[in-house]
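Remarks on the structure that follows.
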Amino acid sequence: MMFHLQGPQMLKMLEKSLQKSLPESLKVYGTVFHMNQGNPFNLKAVVDKWPDFETVVIRPQEQEMTDDLDHYTNTYHIYSKNPKKCQKFLGLPEVINWKQRLQIQSSQSSLDTAIENLGAINSGKVKHTQNFLYMSLKTAKELIPSILDAKNLPNSDKMMKSINQEMFKYSSLDVTHAALVNKFWLFGGNEKSQRFIERCLRAFPSFCLLGAEGTPVCWSLMDQTGETRMAATVPEYRNQGLVAHVVYTQAQTLEKLGFPVYSHVDKTNHFMQRANINVSIPMPCDWNQWNYVPL
């Protein structure tokens with residue numbers, strides 16, 4: 001059985017319910033939050049039952065998933081209160097199209113067994129990526145204050161060094177900058193990822209520093225889950241702490257808009273871990289992505 005949640009009342013109920021399950025529900029909570037702010041990615045929410053759902057999947061509309069090879073578009077965000085029993089629901093073809101290349105994102109590593117099993121059942125290959133998950137201090141205070149530990153709170157004022165205001169100017173990106181972002185994005189570098197970046201730039205605020213030449217030298221974006229992502233600095237401007245300024249400015253601006261602010265960092269990227277730890281707090285759960293390829 002599958003229920004498609006439609007209308008502002010149902011989606012607002014879903015958002016409130018997911019908030020009670022933070023931080024494990026974070027990726028889905030962030031997505032539903034922005035669905036309730038106009039749904040710029042035209043996503044849909046499906047659950048196994050309502051209102052007492054166990055598993056929720058946020059996915060694109062079927063008419064948008066026309067390219068079987070485009071896993072950036074064919075992306076699903078999942079939260080389950082019962083990861084050990086969600087496999088049957090996730091195996092329904094109307095919930096997830098296992099005939100396409102796709103990716104699944106979640107703040108629950110406990111979904112791994114169900115996803116690996118479904119990958120094998122559908123004769124496909126699954127690659128699991130796991131990274132650290134961070135939430136801004138203000139967002140954590142508002143959404144999950146119980147998670148705060150006074151000994152580990154960030155001190156952003158302590159770390160922020162001033163930048164040369166004559167050399168660098170704060171600005172935003174536009175669609176013409178998608179190729180630049182795509183070039184330095186760890187999960188990108190191809191035509192399909194560039195189209196995804198263009199869509200993110202059209203739908204959500206972006207932040208950058210312009211260098212002396214008037215072109216972006218450092219930036220950070222948002223994706224359809226509201227997560228801040230794709231932060232990078234061009235090689236000739238690295239090791240100056242510029243990305244920390246962009247991330248800090250981005251967090252402050254998004255918090256003023258009332259957005260939940262969170263991000264993930266690769267477990268080997270110690271520089272971005274240091275930059276994040278000064279404005280955010282680490283979550284007890286991970287950022288997870290499963291890439292599935294039917295064979």
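The table below lists the values:
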read-out	value
Positive minus negative residues near L69 (Lys, Arg vs Asp, Glu; Cβ under 13 Å)	0
Of L242, L92, L14, the one that fluctuates the most in a GNM where the chain has Cα springs shorter than 10 Å	L92
Computed Kirkwood radius, in angstrom, where 1/r is averaged over Cα pairs of the chain	19.7
Whole-number percent relative contact order across the chain, with pairs defined as alpha carbons under 8 Å at least 6 apart	24
Globularity ratio of the stretch 20-131, using Cα Rg and 2.2 N^0.38 Å	1.01
Other-chain or far-sequence residues with amide H under 5 Å of K267's (modelled H)	F132
Folded to 0 to 90 degrees: helix 242-256 orientation relative to the chain principal axis, Cα	60
Dipole in debye (nearest 20) - the chain, about Cα centre, beta carbon charges: Lys, Arg +1; Asp, Glu -1	440
Qualifying lysines (Cα of each under 29 Å from Cα of K20; at least 8 residues distant if same chain)	K12, K44, K49, K81, K84, K85, K88, K138, K141, K151, K256, K267
Extension gain, N190 back to M65 (0.36 nm per residue minus Cα-Cα distance, nm)	43.2 nm
Virtual spin-label span in nm between E54 and Q252, 7 Å along Cα→Cβ	4.7
Radius 14 Å from Cβ of E94, net charge of other residues (Lys, Arg +1; Asp, Glu -1)	+2
Most positive-pole-ward Cα, N131, Q61, Y237, against dipole of the chain from beta carbon charges	N131
Rough spin-label spacing in nm, given labels placed 7 Å along Cα→Cβ, for M167 and L148	3.6
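Read the figures in this text as sums done on the coordinates, not as results from a lab. From a predicted model like this one, the values you see are computed outputs, not experimental measurements. Here Cβ is always computed from backbone atoms with ideal geometry, including for glycine, and neighbour counts include all displayed protein chains.
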